[in-house]
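J.: Sending over a structure as structure tokens; questions will come in a sec.
The values are calculated or read from the model by the stated rules, or taken from the named source; none is laboratory data. Computed from a prediction, not measured in an experiment: that's the story for all the values here. No Cβ is skipped: glycine too gets one built from the backbone with ideal geometry, and neighbour counts run over all protein chains shown.
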Amino acid sequence: MVEPAAVYTQSTRPERTCVVVALSGGVDSAVAAALLVQQGYRVIGMMMRLWSETGQEDNNRCCTPEAMAKARRVAGILGIPFYTIDAQEFFHKTVVSYFIEGYSAGLTPNPCLVCNREVRWDFLLNHALSFGADYLATGHYARVVRSHNERFQLHRAVDKRKDQSYVLHVLSQEQLARALFPLGEFTKVQVREMARQFGLPVADRPESQDLCFLGNGDYRGFIARNAPEAIRPGAIVNTQSEVLGTHQGLAFYTIGQRKGLGLSSLEPLYVVEKDVERNTIVVGTIAELGSRELTVEQMNWVSIDPPREPLRSEVKIRYRAEEAPATIHPQKDGSVVMCFDEPVRGVTRGQAAVCFQGDICLGGGIITASK
Amino acid sequence: MRNNERYIYLDYAATTPVDPRVREAMIPFFSEHFGNPSSVHRYGQKAEAALEDSRERVAAVLGCSRGEVIFTSCGSESDNLALRGVAFARRHRDHTNHILITPVEHHAVSRTAASLATLHGFEVETLEVDEYGKVAASDVAERIRPETALVSVIYANNEIGTVNPLAEIGKLCRERGIPFHTDAVQAAGYLPVDVERLHVDLMSIGAHKFYGPKGVGALYVRRNTPITAVHTGGGQEFGLRAGTHNIPYIVGMAEALELAQQARNEENERLETLRDRLIQAVLNSIPDSRLTGHPTERLPNHASFVFRGIDGNTLLMMLDAAGFACSSGSACKTGNPEPSEVLLAMGIPPEWALGSLRVTLGRSTTLSDIENLLGVLPRIVEECRQLALN
């Protein structure tokens, strides 16, 4: 088991410590900022202006003019300076390109992971450091803990239902060393109550699975406009390679999808595989949907040194998935094979599989194969 | 400012604090002498007396008669009244359809002219400027035509501080009988505003640029200049600007204009010394830096630069975080980087124009403020360059 960690020691001189808080206009980042102000830090609010499609410039959900106005208002209430950083070009170069390329390759990419690693915890962190800050804080529900061997560990938030360590598993030690997550110790209910006490607006931004740069949430239309070559109709086959129908383009389908296939059969059929080489969709019964074994690449062991021996872990295969017990087998090339005790459903290539042991987020990577 | 031990304001071209003497002069007219100057009774008479006293005082500074001073709500409104009012009146009376402006106008002039072109069919022609953003009278002489309705040339530009040769241009407009307007909003606190010497027919000013309150301005309109109201209603301001007079603010502007013009010579000399120290030190200590605007024919409190390969907005935010309130020259808080039209018109390449910085000094600026700024600016510009590279 991974060694338990000591209490994370923050600077003992907050008045000499400058923290940039990434404000979103929502209640979480507002309370995060308020807590830091209360603790006596010199706090600066920042918000990034992210990319949107032409004609949708004001519709990126992460930075609509309305969200900006709310963030400004929060900064005004707290009496902290607030700056808007233009990240449109950088965001497109990193996150949007990754999204388009992923779908073009038949994957279901998770651009939020790339956004966290490249945009929030690199681009924005660099800006914060250039502004003289010592730390970058966000309203994420997660905790950073310093272990006995001086390593920074990423821990789950106290509020397990709000825990966001899944999307933060991509961070490096250097990034974790500069990260503050003031909400990690609190529940959402407490955060709302604190917002009221601080006199902050308590309205939440609508939480949605949609990606911020898809103004209306229509990723299919977005792919059709931005990567039309990825949209080629092809065959829908069953696991015995019998053709059952036609699909409109691989990017329009997700593993585990049942509706919208246009098939009629006695048993419900689900997308079990997307075959990019043959441009076909393979469907199967619910029994055929589960996977016992995943190959996961681009592993980032956020809290521990890369293991050499197999280890037991609870694994999340999506942000909102339940953890499932598995044995993790490290491979020579740095990838891992995850063997689940029971078959797991909804495994999607391109999404992250993230390993936990209790409260500790060990690390994770991108699912590249399953069986 | 809770987050900063010291915080230095260096954006006096954006706005100035109200002079305490101005504030004192205004206070009786909020709750004590609150009457409407259009009323017959003594409350109204008291207010009217203050209004007309203010008008006399402003007229005295401008060297004009009281009937030539129109009070408005701000410099932008004065510009709108001048352009729209004269353009419509000239078209109505003389069938003239051509408007001549410069590429270094404030948006209050350039966008008003653009609106006159798109919505009302006026032909708007833009003069040229030299590398300092300065207009040449000879260019005006070449482009002015019998059908020119109005010429408008900014007195001193807000972004680059360059002062234009108004008197020369004014003379040649006068010879041709064509109304000549100037936006003197930036200039009025620092430069001579004698309308006879400047040969202007219309001149816009706004009080908050010279330690008066925000929300009040004036337009000088030479007698017999063709002009029509754009804001109609109850006949105030000789029928040119309807709306109940804002007496405390008008009183405040008159007081502020007098004080600024009285202190002008001495204060300008002090500011010029600080300005020149700043300009010389910035150009010496920061690689790939340039002064924008004219080296000598510029506002005494105004220094403006471009730095190659940086984002001006980021520079401003970093300066603010370090305790210095400056500007890029044109306000933009949305974080969408666009090079300034004024800088592009002067032939400054976009990779320089994006990195603009305007430092404008005022009454409370000291040499140590300038030295403090110079202590951090080279490092901050360098940080900005590094960020832009990534």
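J.: Considering each of A:273, A:242 in turn, give the residue that is in contact (Cβ under 8 Å) with a residue 12 or more places away in the chain and of a type in the set (Asp, Glu).
T.: A:273
Matching residues to (1) within 11 Å of another protein chain (Cβ to nearest Cβ); (2) within 18 Å of the chain's Cα centre (by Cα); (3) not charged (D, E, K, R):
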residue	(1), (2), (3)
A:30	no, no, yes
A:48	yes, yes, yes
A:55	no, no, yes
A:63	yes, yes, yes
A:67	no, no, yes
A:88	yes, no, yes
A:92	no, yes, yes
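J.: Still on this structure, I have one more. Which of the residues spanning segment A:226-237 are at pLDDT below 90 and either outside any helix (DSSP H, G or I) or exposed (fewer than 12 other Cβ atoms within 10 Å of the Cβ) (or both)?
T.: A:227, A:228, A:229, A:231, A:232
J.: If you scan segment B:335-387, which residues turn out to be charged (D, E, K, R), in a helix (DSSP H, G or I) and either more than 14 Å from every other protein chain (Cβ to nearest Cβ) or touching a Phe, Trp or Tyr at 6+ places or on another chain (Cβ under 6 Å) (or both)?
T.: B:341, B:351, B:369, B:371
J.: Somewhere in segment B:295-310, is a residue assigned to a helix (DSSP H, G or I), at pLDDT below 95 and over 19 Å from the mean Cα position of the chain (by Cα)?
T.: So far as segment B:295-310 goes, no, none of its residues is assigned to a helix (DSSP H, G or I), at pLDDT below 95 and over 19 Å from the mean Cα position of the chain (by Cα).
J.: Let me ask something else about it. So which residues in segment B:153-183 are surrounded by 17 or more Cβ atoms within 10 Å (Cβ to Cβ), more than 15 Å from residue B:298 (Cβ to Cβ) and small (Gly, Ala, Ser), if there are any at all?
T.: B:170
J.: Look through B:147, B:142 and report the one residue that is surrounded by fewer than 24 Cβ atoms within 10 Å (Cβ to Cβ) and under 28 Å from residue B:238 (Cβ atoms).
T.: B:147
J.: As an exercise: evaluate residue B:332 against (1) modelled with pLDDT under 95; (2) part of a helix (DSSP H, G or I); (3) hydrophobic (A, V, I, L, M, F, W, C) and give the number of the one condition it does not meet.
T.: Exception for residue B:332: condition (2).
J.: Any residue at all in segment B:133-141 that is over 26 Å from residue B:292 (Cβ atoms) and not in a loop (DSSP other than H, G, I, E, B)?
T.: yes
J.: Related question: Does residue A:44 fit the bill of being within 12 Å of chain B (Cβ to nearest Cβ), touching a residue at least 40 places away in the same chain (Cβ under 8 Å) and β-branched (Val, Ile, Thr)?
T.: Considered against the rule, which asks whether it is within 12 Å of chain B (Cβ to nearest Cβ), touching a residue at least 40 places away in the same chain (Cβ under 8 Å) and β-branched (Val, Ile, Thr), residue A:44 comes out as yes.
J.: Something else now. Quick one: residue B:390 ticks every box in (1) within 14 Å of chain A (Cβ to nearest Cβ); (2) surrounded by 16 or more Cβ atoms within 10 Å (Cβ to Cβ) bar one, so which box is it?
T.: Of the numbered conditions (1) within 14 Å of chain A (Cβ to nearest Cβ); (2) surrounded by 16 or more Cβ atoms within 10 Å (Cβ to Cβ), the odd one out for residue B:390 is (2).
J.: Six or more apart or on different chains, Cβ under 6 Å: which pairs go from a residue in segment B:127-150 that's farther than 25 Å from residue B:298 by Cβ to one that's of a type in the set (Ser, Thr, Tyr)? Could you list them?
T.: Once the first residue is farther than 25 Å from residue B:298 by Cβ and sits in segment B:127-150, its partners that are of a type in the set (Ser, Thr, Tyr) give B:147/B:96; B:149/B:96.
J.: Only one of A:114, A:119 is modelled with pLDDT of 90 or more, surrounded by 17 or more Cβ atoms within 10 Å (Cβ to Cβ) and within 14 Å of another protein chain (Cβ to nearest Cβ). Can you tell me which?
T.: A:119
J.: Find the residue count for segment B:189-217, including only residues that are under 30 Å from residue B:145 (Cβ atoms), crowded, with 24+ Cβ neighbours inside 10 Å and under 13 Å from the mean Cα position of the chain (by Cα).
T.: The number of residues fulfilling the criteria is 4.
J.: Kindly evaluate residue A:221 against the criterion of being at pLDDT 95 or above and more than 14 Å from chain B (Cβ to nearest Cβ).
T.: In short, no.
J.: Provide a single number: the residues in segment B:96-127 that are under 20 Å from the mean Cα position of the chain (by Cα), part of a loop (DSSP other than H, G, I, E, B) and of a type outside the set (Val, Ile, Thr).
T.: Residues in segment B:96-127 being under 20 Å from the mean Cα position of the chain (by Cα), part of a loop (DSSP other than H, G, I, E, B) and of a type outside the set (Val, Ile, Thr): 4 in total.
J.: Further question on the same structure: Going by the structure shown, is residue A:129 out of contact with any Cys (no Cβ under 6 Å at 6 or more places or on another chain), assigned by TED's automatic domain parsing to the domain that holds residue A:47 and part of a helix (DSSP H, G or I)?
T.: It is true that residue A:129 is out of contact with any Cys (no Cβ under 6 Å at 6 or more places or on another chain), assigned by TED's automatic domain parsing to the domain that holds residue A:47 and part of a helix (DSSP H, G or I).
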